[in-house]
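What follows is a single structure, written as C-alpha cells, with notes after it.
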Amino acid sequence: MTPLPFSIVIATHERPEELRRALDSVAASTRQPARVLIVDSSRTDAVSGVAGEYAERLPLRHLVATEPSAAMQRNQGAADIATPLVVFMDDDAVLRPDTLAKMCAPFDSDPEEKTGGVAGRIDDMQHPVPRGLLWGYYRLQAGYAHPDYGGKLFGPGINCLPCYRENDPELIPSEWLNSTCVAYRTSVFRREQFPAFRGYSFMEDVHLSSRVGRTHALFFHRDALYAHRSAGSEFKRDARALAHSRVAHQRALARDVLGRRGPWFEFQFFLHRVFSSISILRGRGPGCWQEILGTWT
C-alpha cells in the first residue's frame, strides 16, 4: 500500500493554548501531514504567534478567516490544499501518536475509492445502549427497530455515536461522522463541502457527512483514539442563542439532507424539542432556562 498524502485543516478562534496542545500532538504523530492549515478568526495575534512557533516543526500555513464560522473556515482551508486526503481537526483535540495513521490507512487500501470518510474515536465518549423508554423513543422517531441505533441518523435529524463494543470490527459503518477529527477524500469533500452555517456551526459535520454517505462509505475507526478537551468560546456563552442555533441547524439538516417535511415531521420535531427540554432540566446546568427558551423560540 502506498500511503496517500494528507493535509490537516484546523479552524480556530482565540484558543492559543488549546491550539498549541493540538499542534504538539500532530508533530508527534507517526504519520505526518503534507500541510497544516490554520484558519484563524481571532481578533488578536495570539494564535498567529502560536502558528509561528511551529513553522519549523510542521509544514504550516496561517490563514486569516474570511468569516468567523467553523464550517466556513474549514471550507476556506480545504480550498487551499492539493493532497488526496483532507483531515479536519478541532483546535481542542489532542491526538495519540497513531491516530492519523489509523484514520488514513483505510483510504490507502481502497483502490476503488469506495471509502468517503473515516472519523476517529473520542477516548472517553460513546453511545450507551438505549433501554426502556429511551429505546422506545428512538423506535418511534426512527420508524424501525434497531438494537442500539449506534451510528444511525434518523427521525428529525437525531444522530447517535457507535457503542464501541469489544467485538466490533475496526471500522464501524455509520450514516454520519463528526468533525472533531475526521478524514475525507478531498475530491468527495469538495463536491459537498460544509453547509454555510454562521457562528456556532452545530451539526455542520452531520450535514456534510450524511451527504457524502449517499455515494461513499463512512466509518468510525474503533482504535483511532484522541482526546477532546472541549473548550469554551464566545459562541457558547449565550445559552439561549446557542440552543436556538442547534434547533435551526437540526431543522436544516432534516429538511435539506433527510427530506423531512409535512405534519409528521413537525410532530417528530416537536417531540424532540420536548425530549431535549427534559434532558436540559435533568442536567440542571447553568443557564438551563435560557437554553430551554432558545429551544422553543
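I'd like the residue in segment 266-297 that is of a type in the set (S, T, N, Q) and closer than 22 Å to residue 142 by Cα and, out of all such residues, is surrounded by the most Cβ atoms within 10 Å (Cβ to Cβ).
Taking segment 266-297 as the starting set, the residues that turn out to be of a type in the set (S, T, N, Q) are 268, 276-277, 279, 290, 295, 297.
If we keep only those that are closer than 22 Å to residue 142 by Cα as well, we get 268, 276-277, 279, 295.
On the way: 268: 22, 276: 18, 277: 17, 279: 9, 295: 20.
Among residues in segment 266-297 that are of a type in the set (S, T, N, Q) and closer than 22 Å to residue 142 by Cα, the one surrounded by the most Cβ atoms within 10 Å (Cβ to Cβ) is 268.
Could you grab me the full set of residues in segment 251-277 that are more than 20 Å from residue 291 (Cα to Cα), without any contact (Cβ under 8 Å) to a residue 12 or more places away in the chain and not small (Gly, Ala, Ser)?
Residues satisfying the conditions are 255, 261, 263, 264, 266, 267.
Just to verify a result, which residue in segment 142-169, among those that are among the hydroxyl-bearing types (Ser, Thr, Tyr) and modelled with pLDDT of 95 or more, is surrounded by the most Cβ atoms within 10 Å (Cβ to Cβ)? Let's see the steps before the verdict.
First, pick out the residues of segment 142-169 that are among the hydroxyl-bearing types (Ser, Thr, Tyr): 144, 149, 164.
Of the ones still in play, those that are also modelled with pLDDT of 95 or more are 144, 149.
Numbers: 144: 9, 149: 26.
Result: 149.
So which strands (runs of 3 or more DSSP E) stay within segment 143-241 end to end and still have 3 or more residues that are in contact with a Cys (Cβ under 8 Å, 6 or more places away or on another chain), of a type outside the set (Asp, Glu) and in the same structural domain as residue 273 (by TED's automatic domain parsing)?
On the way: elements: 171-173, 181-185, 217-228.
In segment 143-241, there are no strands (runs of 3 or more DSSP E) which contain 3 or more residues that are in contact with a Cys (Cβ under 8 Å, 6 or more places away or on another chain), of a type outside the set (Asp, Glu) and in the same structural domain as residue 273 (by TED's automatic domain parsing).
Could you tell me whether residue 181 is within 22 Å of residue 94 (Cα to Cα) and surrounded by fewer than 20 Cβ atoms within 10 Å (Cβ to Cβ)?
Details: within 22 Å of residue 94 (Cα to Cα): yes; surrounded by fewer than 20 Cβ atoms within 10 Å (Cβ to Cβ): no.
Judged against the criteria, residue 181 is not a match.
With (1) modelled with pLDDT under 95; (2) touching an Asp or Glu at 6+ places or on another chain (Cβ under 7 Å) as the list, and residue 22 as the residue in question, which single condition is left unmet?
(1)
Select from segment 124-142 the residues that are among the hydrophobic types (A, V, I, L, M, F, W, C) and either without any contact (Cβ under 8 Å) to a residue 24 or more places away in the chain or part of a strand (DSSP E or B) (or both) and list them in ascending order. It would help to see each step written out before you state the result.
Taking segment 124-142 as the starting set, the residues that turn out to be among the hydrophobic types (A, V, I, L, M, F, W, C) are 125, 129, 133-135, 140, 142.
Within segment 124-142, 133, 134, 135, 142 meet the criteria.
Taking only segment 73-123 into account, find how many residues are in contact with a Pro (Cβ under 7 Å, 6 or more places away or on another chain) and of a type in the set (Lys, Arg).
Number satisfying all stated conditions: 0.
The values are calculated or read from the model by the stated rules, or taken from the named source; none is laboratory data. Given the structure is predicted, the values throughout are model-derived calculations rather than measurements. Don't worry about glycine lacking a Cβ; one is built from the backbone with ideal geometry, like all the others, and counts go over all protein chains shown.
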